[in-house]
Amino acid sequence: MPNRRRGEVALQLGEVRYTLCLTLGALAELEDAFGVQDLAALGERFGTGRLSSRDLLTLLRVALRGGGHAMSDAEVANLPLHDGLEPVAAALADLLVTTFGGGDGTPNPL
């Protein structure tokens, strides 16, 4: 069961439930992957709402590892999308709001 106070979000893909989390190490990995200098720039990058499928895959890969799932890049890329992309996009959007704040105006407790 994901712990929202720790910034965790659930993602159900088929019969498997995953925990997504952006740990400090995951955020550093995302800064490097997206070529930004700091967390503010990373938040701005995600705040545009314009993410490519490559961006979603990078975010998913890092968030799964941050959530404790030791998966290779190939394993993440080959996860089944039986219900389409919407559950993945919704979980990642929820994760970004949980991590960076926004949406309901409640500050992130982390």
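Throughout, read-outs are computed from the coordinates displayed, never taken from laboratory work. Note that the structure is predicted; figures quoted are calculated from it, not measured. Because the Cβ atoms are built from the backbone with ideal geometry, glycine has one as well, and the counts that use them run over all protein chains shown.
Kindly point out which whole DSSP H helices in the chain project their C-alpha atoms 20 angstrom or further along the helix axis while averaging a Kyte-Doolittle hydropathy of 0.0 or above.
In the chain, the long hydrophobic H runs are 86-100.
Could you tell me what fraction of 2.2 N^0.38 Å the Cα radius of gyration of the chain comes to, as a two-decimal ratio?
The value comes to 1.00.
Spin-label point model (7 Å from Cα, Cβ direction): what's the Arg5 to Glu44 distance in nm?
About 3.4 nm separates the two model spin labels.
Give me the net charge for the shell around Leu11: Cβ to Cβ below 12 angstrom, other residues only, Lys and Arg +1, Asp and Glu -1.
My count for the surroundings of Leu11 gives -3.
Using amide H atoms built 1.01 Å from N in the peptide plane, name the residues 5+ places from Leu13, or on other chains, whose amide H lies under 5 Å from its own.
Close amide H contacts, sequence-distant or interchain: Tyr18.
Could you give the size of the charge dipole of the chain about its Cα centre, using +1 on the Cβ of each K and R and -1 on the Cβ of each D and E, expressed in debye and rounded to the nearest 20?
The dipole of the chain has a size of about 180 debye.
Under the classification rounded if a/c is under 1.5, otherwise prolate if a/b is larger than b/c and oblate if not, where does the stretch 45-86 fall, given a ≥ b ≥ c as square roots of the Cα gyration tensor eigenvalues?
Oblate is the answer for the stretch 45-86, as a/c is 1.5 or above yet b/c matches or exceeds a/b.
Gly68: net charge of surrounding residues, Cβ under 13 Å, Lys/Arg +1, Asp/Glu -1, itself excluded?
Cβ neighbours under 13 Å give a net charge of +2.
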